[in-house]
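The values are calculated or read from the model by the stated rules, or taken from the named source; none is laboratory data. The shown structure was predicted, so the numbers you read here are calculated from the model rather than taken from an experiment. A quick note on method: Cβ atoms are made from the backbone with ideal geometry, for glycine too, and the neighbour counts reach across all protein chains shown.
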Amino acid sequence: MTVLYRGRFAPSPTGPLHAGSLVAALASWLDARAHGGIWIVRIEDVDTPRCVPGVDRLILQQLATCGLVSDEPEVWQSERGALYLQALNQLVAKDRAYPCGCSRKDIEAALQAAGLNRERHHAAVYPGTCRPENGGLQGKPARAWRFAVPHEPAVMTWTDRRLGPQAQNVVHEVGDFILRRADGPWAYQLAVVVDDAAQGITHVVRGEDLADNTPRQIALQRSLGLPLPAYLHTPLVLGANGEKLSKQNGAQALDLGEPVLALQRAAATLGLHTVAGSVPEALQAWISQWKDGFSLCARP
Ligand code: GLU
């Protein structure tokens, strides 16, 4: 029988799992199990300077302690550069990728000169200076490859399984984003899209903090002629200050002395009821709850 559901959990090894990442791991695992599907762990170690040596193994151990084990051998993005290169070449051949020689300063100067001050997550929206139709590199050395975001349609729409209908004008809100830096590293957006397709991922379940990457990923999937997975973005765990808990704001590594307690907390964030018992018993009970119609209580 063909498995119609393939899901994944894709941690970046920049730090051990924390309470927030466990929510995404548990949700993606439960959703796969509830659909009788396959769940795969993919280590997203393309952003090498931020990856901490050994943390990949630590994350796999933490997951295993929580009863979450990849159904297929785990993959490491750092070993998959050939696939990303193939995709970049395809985009170049379709005039959807171009080399860019702009520094951050160049971009700010161009935005100011044009009277624009569009900022997104503190990153300037690239004004398209090196787009081929604007003259290309003009002798500057290439610093990065950028995706030529299609202007038609500029607005990407999709329906998130939890958040409902979503829309983003990628041209105005994001602009031509980076696919690869000239010094080598692949960007998350390209790697994730290539891997989701190469691994036959049908359902993406991940934290809500990643939801606004989805339109960029859909734009790339369309340009590369790849199938679109279904998306479900899970509630975030908030820190004491009300901000999302993340590795960046110093989230504590999980205390897995009693893994079932950490799982109970993650399950509660997903709107699942507390269940008594061991890790396997609790997981089994949550699969049933998820099948019965999970609530993902903390809707925004
Ligand atoms: N590697 C990303 C992260 O840890 C998750 C990517 C994804 O699930 O699409 O934030």
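At a glance:
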quantity	calculated
Options Leu226, Leu232, Leu179, Leu236: the member that is part of a loop (DSSP other than H, G, I, E, B), modelled with pLDDT of 95 or more and not basic (Lys, Arg)	Leu226
Close pairs from the stretch 97-115: first in contact (Cβ under 8 Å) with a residue 24 or more places away in the chain and aromatic (Phe, Trp, Tyr), partner loosely packed, with under 14 Cβ neighbours inside 10 Å and part of a helix (DSSP H, G or I), Cβ under 6 Å, at least 6 apart	Tyr98/Pro132
Residue satisfying all of: in the stretch 21-48; in contact (Cβ under 8 Å) with a residue 40 or more places away in the chain and over 21 Å from Pro280 (Cα atoms); nearest to the ligand (Cβ to nearest atom) among these	Glu44
Counted residues, the stretch 169-194 - those being surrounded by fewer than 22 Cβ atoms within 10 Å (Cβ to Cβ) and under 17 Å from Val41 (Cβ atoms)	1
Tyr98, sole failed condition from (1) closer than 19 Å to Pro185 by Cα; (2) assigned to a helix (DSSP H, G or I); (3) away from the ligand (no atom under 16 Å from the Cβ)	(2)
